[in-house]
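Just below is one structure, and these are the notes that go with it.
The values are calculated or read from the model by the stated rules, or taken from the named source; none is laboratory data. This structure is a prediction, so every number in the text was calculated from the model and none was measured. Glycine gets a Cβ as well: all are built from the backbone with ideal geometry, and neighbour counts include every protein chain shown.
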Amino acid sequence: MAKSKAGKTPSARSGKAAAGSPVDQEPNGPGRTGRRAAERGPAQNELQRLRLLYDISEVLSRRMVLEDVAAPVLEALADRMGMSRGTLTLLNRRTGEILIEAAHGLSSEQLRRGRYRLGEGVTGKVVASGEPAIIPRISQEPMFLDRTKARSRFNREDVSFICVPIKLGDEVYGALSADRLYTGDVDLKEDVRLLSTIASMIAQAVKTQQALREERERLEAENVRLKAQLRERWQPTNIVGRSNAMQEVYDLIAQVAKSNATVLIRGESGTGKELVAHAIHASSLRADGPFIKVNCAALPETILESELFGHEKGAFTGAISQRQGRFELANGGTIFLDEIGDFSPASQIKLLRVLQEREFERVGGMQPIRVNVRVLAATNRDLDQMIRDGEFREDLYYRLNVFPIYLPALRQRKSDIPLLIDHFLARSSTDSHKKVTRISTPAIDMLMSYHWPGNVRELENIIERAVLMAEGDVIRSTHLPPTLQMATPFSVDRETGRSLNERVADFEREMLMDALKAARGNMAKAARHLKTTERIFTYKARKYGIDPKRFKAEMSY
């Protein structure tokens, strides 16, 4: 019997398990290390704790990045304290979800399953409350969810679970937890104190990791939002206009977008040719590729070739390094050649070769470079007349004019002006942080009667200026430029000057028309709006020749 006590037979003190026992068969289980830790004396356990804290401080002294310190900390817990499984979870403050950041003794599939909400299960309650939790026997604790399913095979050997918050001050950033074999005679409060100390040592690294992750998620979400916004912004449905002329443009965009055909967009300056080019690219199969814009009129002929095709190092004075041209940058996407009519005859020859062969050489280079690029071009010049005058190559014109799209001038689609006004008014009000919500009827009349030599771009600039000048929530005729005010008989003549009575009459007329518009032609309601009697309002309306019936139907401005 004494021989047996000396260690010849298996015993708890020896730390060995019988052959074929679950402890030997399961590598991820509590195992022998957990048994040894449970059988150490108080002095040995205290020594192991000191060694563990020293090891962790050594790790943290080398680098304070969680990705580098989490695994060594959990490994040290397993080696020094016999904790079979350990996890470090991180709180996502934006979603309220708690995810496993690092673990020891868990497979990748188990890691994936370890997701909790604030207040959910033991881990969720620890993070929500900021207080540690001790579960002596997980088999007897209904709150223990075992989301990872890592412990389902250990029903024969019960497990204790300790979880402590990772926090700085009152702010909780995550939790540190560990499993150890349940023995019934181990003081788990000592383990809680140990884990709490370790949690405080790594709290700064956890806080930094949380901030980095949240910033990365924010940037990724912002990137997705901006891409979606950019793509939607240039969709044909967002080109403002419902006139028959614009419907024809939309149909042409839909027909050509999915192909690789070269498109020539023609129209006066300010009609939105670049907008159409963006819409074609965004609706094409190349939408995920680059969209490179080249303003041909803004590039001097001396550098145009280098800008389009790039140059080799030393090709000319100042070429200190190799440089890719716009065609190379647009490879796999679309290049938009704006103001193509401003190309010089020499540049036209070089461009013709690229359109024919889809290859070129950099300036100073000898190696041909092939590109997969779709070409969109635009001009406000009369290319037919330029061909007759010998200013534009006829063969280049036919290469560009594979699929022509003509954009009508604003004066040719005046029915779109109210829609454009509403669009620019909303955008300018937002950009200028002002609450300008509508435009008066006389001001709309002025805008509708103007001939718009600058087209849509001029209208956008005028609305932006009017929003800045408006003192209330309404744009009035006095907020419009003098060039528009001269087009109406009710305007202030800035050349000869007008009397005070005439100026007051103009303002009074505008207020009456504005009130009638808001009241849908109801004289009594309009009078109440201006805090006057219906009799006086009727008298004033007759004086200025205002017909209330004009405002009976809802005005679709």
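Per-structure values
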{"read-out": "The stretch 320-333: number of residues that are buried (at least 17 other Cβ atoms within 10 Å of the Cβ) and not basic (Lys, Arg)", "value": "5"}
{"read-out": "Residue, surrounded by the most Cβ atoms within 10 Å (Cβ to Cβ), within the stretch 530-554, restricted to residues that are part of a helix (DSSP H, G or I) and at pLDDT below 85", "value": "Phe551"}
{"read-out": "Considering residues of the stretch 433-485 that are of a type in the set (Val, Ile, Thr) and in a loop (DSSP other than H, G, I, E, B) only, the residue surrounded by the most Cβ atoms within 10 Å (Cβ to Cβ)", "value": "Val436"}
{"read-out": "Candidates Phe392, Phe403, filtered to the one that is in contact (Cβ under 8 Å) with a residue 12 or more places away in the chain, of a type outside the set (D, E, K, R) and out of contact with any Pro (no Cβ under 9 Å at 6 or more places or on another chain)", "value": "Phe403"}
{"read-out": "Tally, over the stretch 377-432, of residues that are more than 28 Å from His281 (Cβ to Cβ) and not in a helix (DSSP H, G or I)", "value": "3"}
{"read-out": "Verdict on Met386 being of a type outside the set (Lys, Arg), modelled with pLDDT under 90 and either farther than 24 Å from Phe507 by Cα or touching a Phe, Trp or Tyr at 6+ places or on another chain (Cβ under 8 Å) (or both)", "value": "no"}
{"read-out": "Ile320 outside any strand (DSSP E or B), free of Cβ contacts under 8 Å to residues at least 12 places away in the same chain, hydrophobic (A, V, I, L, M, F, W, C) and on the phi < 0 side of the Ramachandran plot", "value": "yes"}
{"read-out": "Residue check, Phe336 crowded, with 16+ Cβ neighbours inside 10 Å, of a type in the set (Phe, Trp, Tyr) and under 13 Å from Tyr397 (Cβ atoms)", "value": "no"}
{"read-out": "Any chance Val375 is farther than 15 Å from Ala297 by Cβ, assigned by TED's automatic domain parsing to the domain that holds Ala277 and in contact (Cβ under 8 Å) with a residue 60 or more places away in the chain", "value": "yes"}
{"read-out": "Number of the exception - Ala315 against (1) more than 24 Å from Arg393 (Cα to Cα); (2) in contact (Cβ under 8 Å) with a residue 40 or more places away in the chain; (3) under 32 Å from the mean Cα position of the chain (by Cα); (4) not in a helix (DSSP H, G or I)", "value": "(3)"}
{"read-out": "Unique match (being in contact with a Phe, Trp or Tyr (Cβ under 6 Å, 6 or more places away or on another chain), buried (at least 19 other Cβ atoms within 10 Å of the Cβ) and under 26 Å from Pro368 (Cβ atoms)) among Phe309, Phe291", "value": "Phe309"}
{"read-out": "Among (1) assigned by TED's automatic domain parsing to the domain that holds Gly241; (2) modelled with pLDDT under 95, the one test that Lys435 misses", "value": "(1)"}
{"read-out": "Wholly enclosed helices (runs of 4 or more DSSP H) of the stretch 236-310 bearing at least 1 residues out of contact with any Leu (no Cβ under 7 Å at 6 or more places or on another chain), at pLDDT 90 or above and more than 30 Å from Gln322 (Cα to Cα)", "value": "244-256, 273-282"}
{"read-out": "Qualifying residue in the stretch 348-364 (condition: outside any strand (DSSP E or B), free of Cβ contacts under 8 Å to residues at least 24 places away in the same chain, surrounded by fewer than 16 Cβ atoms within 10 Å (Cβ to Cβ) and of a type in the set (S, T, N, Q))", "value": "no"}
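One line per residue, one yes/no per condition, for (1) closer than 27 Å to Arg218 by Cβ; (2) surrounded by 14 or more Cβ atoms within 10 Å (Cβ to Cβ); (3) at pLDDT below 75:
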| position | (1), (2), (3) |
| --- | --- |
| Val59 | no, yes, yes |
| Leu99 | yes, yes, no |
| His104 | no, yes, no |
| Val122 | no, yes, no |
